[in-house]
Amino acid sequence: MVHAHGVAEVTDADFEAEVLAERGRAVLVEFTADWCGPCRQLAPVLSAIAAEEAERLKVVQIDADRNPGAVARYGVLSMPTLLVFRDGEPVRQLVGARPKRRLLQELEDQLAPAPTA
């Protein structure tokens, strides 16, 4: 799998615990695959976003070839597909690689305000 540094990998087995059970911040799930060129382009973008937006956004990856349950459940047809979940529900779907600035703009309305101390 094309792994983004600092981004956790989830599987069909722990998808519910890692993604659907998350409360308080959105979860960005990248459906990826070893053979996916655009996924390689997206990996450093996801790494940067995971580091910069950790308080507001949890970023995870799932290997589409090894986890057919989640792929079928959410109707993922192409890689990379990005799904944003909030309180266990998918609220946004984006398909294809994009630059960091554009991805952040597209995610802005899904990001919870950072908690104030």
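The values are calculated or read from the model by the stated rules, or taken from the named source; none is laboratory data. It should be emphasised that the depicted structure is a prediction, and the values quoted were computed from it without experimental measurement. FYI the Cβ positions are ideal-geometry reconstructions off the backbone, even for glycines, and counts take in every protein chain you see. Heavy atoms of the whole protein, side chains included, go into the accessibility calculation; ligands, DNA and RNA do not. Shrake-Rupley method; radii C 1.70, N 1.55, O 1.52, S 1.80 Å.
General remarks:
- Region 8-73: chymotrypsin sites (Phe, Trp or Tyr not before Pro) in DSSP loop, at most 16 other beta carbons within 10 Å: Trp35
- Ranked order, Arg102, Arg66, Arg56 - accessible area, probe 1.4 Å, largest first: Arg66, Arg102, Arg56
- Each residue was assigned an accessible area with a 1.4 Å probe, and for Ser78 the value is about 50 Å².
- The chain - mean residue ellipticity at 222 nm from DSSP helices (-39,500 (n - 2.57) per run, n ≥ 4, rounded to 500): -7500 deg cm²/dmol
- Computed over the chain, relative contact order equals 35 percent, with contacts defined as Cα pairs under 8 Å that lie 6+ residues apart.
- Cβ-based charge dipole, the chain, positive-most Cα from Ala72, Ala21, Ala50: Ala50
- Solvent-accessible area, 1.4 Å probe, carbon plus sulfur percent, for the chain: 52 percent
- Solvent-accessible area per residue, Å², over the chain with all protein chains present [probe radius 1.4 Å]: 50 Å²
- Identified option (computed log10 I(q)/I(0) by the Debye sum over Cα atoms at q = 0.15, 0.16, 0.18 Å⁻¹; candidates (1) -0.65, -0.74, -0.96; (2) -0.58, -0.66, -0.85; (3) -0.87, -0.94, -1.07): (2)
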